[in-house]
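To start, the structure itself, in structure tokens.
The values are calculated or read from the model by the stated rules, or taken from the named source; none is laboratory data. Only a predicted model underlies this, so the values are computations on that prediction, with no experimental measurement involved. Methodologically, a virtual Cβ is constructed for each residue, glycine included, from the backbone with ideal geometry; neighbour enumeration extends over all protein chains shown.
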Amino acid sequence: MNLIRIAQLALGAFVISVSFHARAQDGGAASATVEASKPAWKSSSKADDRALRRRVLTALGKAKGLRATGITVRATDGAVLLEGWVPEEAQIEQAARVTQGVPGVKSVRNALTLSTF
């Protein structure tokens, strides 16, 4: 019985180690392929995305009548995703309008929900 249990644990450990190794190699190869296929003029760096995200969050925080504490912002190549919640229905559309006015924003996808708690 103990021999079977030891064999099962050894096999499980082997499968896990192989999957980690395969995942690490696939991720690196895929990244290199994607980066190589992007034209230099179209690539956006993570720093650019973070800067855009900060500008959007700042604009949302300064907007009068908008409670932005429940809003999460994701930015990729000028496309902004608004997620989270706001306490009033009118603030959902207001958040999208404010975001669209931020320099560098190309598109806004609004996935905000209403939460009254």
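Structural remarks
- The strands (runs of 3 or more DSSP E) falling completely within region 42-117 that include 2 or more residues that are surrounded by fewer than 13 Cβ atoms within 10 Å (Cβ to Cβ) map to 107-114.
- Tally of residues being of a type in the set (G, A, S) and under 18 Å from the mean Cα position of the chain (by Cα) across region 56-79: 5
Yes or no, residue by residue, for (1) of a type in the set (G, A, S); (2) under 13 Å from R55 (Cα atoms); (3) out of contact with any Lys or Arg (no Cβ under 8 Å at 6 or more places or on another chain):
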{"position": "G70", "(1), (2), (3)": "yes, no, yes"}
{"position": "R74", "(1), (2), (3)": "no, yes, no"}
{"position": "D77", "(1), (2), (3)": "no, no, no"}
{"position": "V80", "(1), (2), (3)": "no, yes, no"}
{"position": "P87", "(1), (2), (3)": "no, no, no"}
{"position": "Q91", "(1), (2), (3)": "no, no, no"}
{"position": "Q94", "(1), (2), (3)": "no, no, yes"}
{"position": "T99", "(1), (2), (3)": "no, yes, yes"}
{"position": "V102", "(1), (2), (3)": "no, yes, no"}
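- Residue within region 15-36 that is of a type in the set (K, R) and at pLDDT 90 or above present: no
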